[in-house]
């Protein structure tokens, strides 16, 4: 099961989309919940209802809105471990605040009173661009890996913050950003003073992405002709590029990945050694300006609405190639028929009635036949007020694609006045679509002698598109009584006048016959 | 074509009945307008019909089934009538109430003045010529009709069942077609008044109002049948008119059909009853008002729809107002049509009995 609360949108262009961090931690805005059940098929919906209610009470959020069948769906192959027993639901409009963070923190052994979570200063977290708290629950009931049957709970809080030094000089930061100098105390206003006594291990990791490592080595080579591996030598604080304020306990280098010859560097700081008297404060000071961008996913996914008026429109998903895609294609371009596989999963609520037959594909601005590009498609059309419309696609695009667009048309429905949210004229949300690239796996493996540091979960590179806001026609909410009385008046008019016309002659006839 | 044939049948029946009333001399037969032809022309040239065909809707097919049924009943072609009735009911639920006029048509024969008149007439002359009386109510054709209707409906249901086996079978079909009509699930705006009503009504009362609105149609069957049983063709057209007005998802096509049917009946009534009648005859009083009303509504309604949905400057109330005016116009049309027919019968009665006109006419 995975539950995530997110506020803000992950900026794939600036913050990357290829590493494990974006792939597993970039979540759609609002609440996202998916769960795989180990139960007979007919019981799963009831179990899902129970789950949503329980989580809603636990996290002070309105996850119970996901209980009705119009809110969740059952994707077939978009989530790898599934097969009919997975249920997926999202609430795009859910706001995340400290009331959701507090129960999440309560699940930690020391809450936010001791250990690393002491850093979680609410104002600094909520001042950032993006924050997301994620809960991942796995049950190892089978015990196949030699572990005792139990439940593994993994909690992740992802925050994207802007250091003060960069905030001041934000004039020209459009594409590439100069790396800012920061420290934990400057961002959070606190330092870590000791570890949580209930924790088995308490560590802080500092990761230098492989692109950054390549950039730094490039700078070294330009400046001095010295040896490589300056970063991992013991005298690392003589590094010409940057300086760390604390000494790492261990340094890991990523196993050479297939796609680039550079390796990420991971520094590990153990908090056990620090305490009240000697708090831990990690700071990074750049000696020379370094410009670097995170690596992005092969195609950048965007989604937008087309059309005007409140009767019909169209949804378009556009995939544009990014700069880092050249690196991928280089390794695969041995054969001319290299193809890039893209999976698209989209759920659309029932009041946006999508016409799946109107799906069109444009590759490099040329319309293509649907059967050329789409390898597999699974569609579950929406039923009014019963279930949403689900679309799962597998596309195979040529590697040299520069842009691909999928368009699909829809009609807008009309709801009962009870079904509109309080601010009806704002519109309704279509949840994010998931675009994933199964050919590429986002993982980093760090080996140090005999122990495996980061567990290499095989998860494909995933990105979420934007949430769409669809305005629907609204009736006049102030008029229920008026409408009821006026309509009933019309019916009474019909009833009365027709009966009168029928009745009148009968009386005359009777009078006439009596006279006779 | 069928409308024309039905009109011809009715005209012949009318002539026959008038003959038996010895009124032929008093009527100028040449003034009989060719009601069937006019009705067919009006139907085909009606802008509503043309617009409905352009919009690729299937309601002309439903109307054709209804006319087929009535033509078959008028011409005593019982299998055809049964087929038309079954198909019309299958396509939309409301023609099911046409079973009553069809029974009358098959039992009594086409439109004729009430039997009382014949009896009165002949009582005065003290001549009882049995051959001139219209035939009484006979059960034979009814049973024949019931058999054929049963046969056709079994045939249709079996075909539907076979073709829908993988989609849930017959029950699913009934739920989706009849259930949809009866429970008004889809609230998209249309020219009727029920969509806005069911979008705004409170959930607590929804079932109650559903029942009330559908019973409104059913309730009028009996009084109309009692009053107009000697004119089953006209009864059928009045039923069609009421259905097109009160159904859950009306359309312009239904209106054009009932317009034309009522006009045809009125064309029959325009037959002069001789110089004894004042020219009032049975014309409707509100014809100009209704005509202008229809033109106005058909012009304003798309404008209001555009304002509300496409431009966002209007409100749902604008469009709903045009729908309400439309409903009122149809009410006036139906009520005046029924009054006109009843007036016509009164005139006939007065002619026969020779009594002076009542003060209240």
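Numbers at a glance
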read-out: Breaking point among (1) within 11 Å of another protein chain (Cβ to nearest Cβ); (2) crowded, with 16+ Cβ neighbours inside 10 Å, for residue B:206; value: (2)
read-out: Residue check, residue A:485 at pLDDT 90 or above and either more than 8 Å from chain B (Cβ to nearest Cβ) or closer than 25 Å to residue B:312 by Cβ (or both); value: yes
read-out: Options A:397, A:447; residue that is more than 14 Å from every other protein chain (Cβ to nearest Cβ), modelled with pLDDT of 85 or more and in a strand (DSSP E or B); value: A:397
read-out: Residues located in the stretch A:292-332, provided they are more than 28 Å from the chain's Cα centre (by Cα) and either farther than 30 Å from residue A:358 by Cβ or at pLDDT below 80 (or both); value: A:330, A:331, A:332
read-out: Members of the stretch B:160-176 that are surrounded by fewer than 17 Cβ atoms within 10 Å (Cβ to Cβ), more than 14 Å from chain A (Cβ to nearest Cβ) and touching a helix residue (DSSP H, G or I) at 6+ places or on another chain (Cβ under 9 Å); value: B:160, B:161, B:164, B:169, B:170
read-out: Residue in the stretch A:128-142 that is under 28 Å from the mean Cα position of the chain (by Cα), at pLDDT 80 or above and closer than 23 Å to residue A:243 by Cβ present; value: no
read-out: Residue that is surrounded by the fewest Cβ atoms within 10 Å (Cβ to Cβ), among those in the stretch B:223-242 that are in a helix (DSSP H, G or I) and at the interface with another protein chain (Cβ under 10 Å from one of its Cβ atoms); value: B:226
read-out: Members of the stretch B:182-203 that are part of a helix (DSSP H, G or I) and facing another protein chain (nearest Cβ under 10 Å); value: B:194, B:195, B:196, B:197, B:198, B:199, B:200, B:203
read-out: Criterion violated by residue B:329 - all others in (1) over 22 Å from residue B:235 (Cβ atoms); (2) part of a helix (DSSP H, G or I) satisfied; value: (1)
read-out: Single residue of B:245, B:220 found to be within 15 Å of the chain's Cα centre (by Cα), within 10 Å of chain A (Cβ to nearest Cβ) and over 19 Å from residue B:66 (Cα atoms); value: B:220
read-out: Failed item in (1) touching a residue at least 12 places away in the same chain (Cβ under 8 Å); (2) more than 12 Å from chain A (Cβ to nearest Cβ); (3) within 30 Å of residue A:420 (Cα to Cα), with residue B:179 passing the rest; value: (1)
read-out: Selection count where residues are in a loop (DSSP other than H, G, I, E, B), within 10 Å of chain B (Cβ to nearest Cβ) and out of contact with any strand residue (DSSP E or B) (no Cβ under 8 Å at 6 or more places or on another chain), scope the stretch A:400-419; value: 3
read-out: Meets criteria (surrounded by 16 or more Cβ atoms within 10 Å (Cβ to Cβ) and either in the same structural domain as residue A:254 (by the TED database) or closer than 30 Å to residue A:294 by Cβ (or both)) for residue A:59; value: no
read-out: Positions within the stretch A:273-291 being under 24 Å from residue A:115 (Cα atoms) and either over 35 Å from the mean Cα position of the chain (by Cα) or in a loop (DSSP other than H, G, I, E, B) (or both), in sequence order; value: A:273, A:274, A:275, A:276, A:277, A:278, A:279, A:281, A:282
read-out: Residue match in the stretch B:147-156 (condition: modelled with pLDDT of 85 or more and closer than 20 Å to residue B:225 by Cβ); value: yes
read-out: Options B:313, B:321; residue that is in a helix (DSSP H, G or I) and surrounded by fewer than 20 Cβ atoms within 10 Å (Cβ to Cβ); value: B:321
read-out: Residue tally, condition closer than 15 Å to residue B:242 by Cα and surrounded by 15 or more Cβ atoms within 10 Å (Cβ to Cβ), over the stretch B:209-222; value: 6
read-out: Any hit, the stretch B:269-290, residues being out of contact with any strand residue (DSSP E or B) (no Cβ under 6 Å at 6 or more places or on another chain), more than 9 Å from chain A (Cβ to nearest Cβ), in a helix (DSSP H, G or I) and modelled with pLDDT under 65; value: yes
read-out: Residue match in the stretch A:215-229 (condition: at pLDDT 75 or above, within 15 Å of residue A:282 (Cα to Cα) and either buried (at least 18 other Cβ atoms within 10 Å of the Cβ) or in the same structural domain as residue A:137 (by the TED database) (or both)); value: no
read-out: Single unsatisfied condition, residue A:470 versus (1) within 8 Å of another protein chain (Cβ to nearest Cβ); (2) modelled with pLDDT of 85 or more; value: (1)
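The values are calculated or read from the model by the stated rules, or taken from the named source; none is laboratory data. Here the structure is a predicted model, which means the values were calculated and not measured. We place every Cβ from the backbone using ideal geometry, glycine too, and count neighbours over all the protein chains shown.
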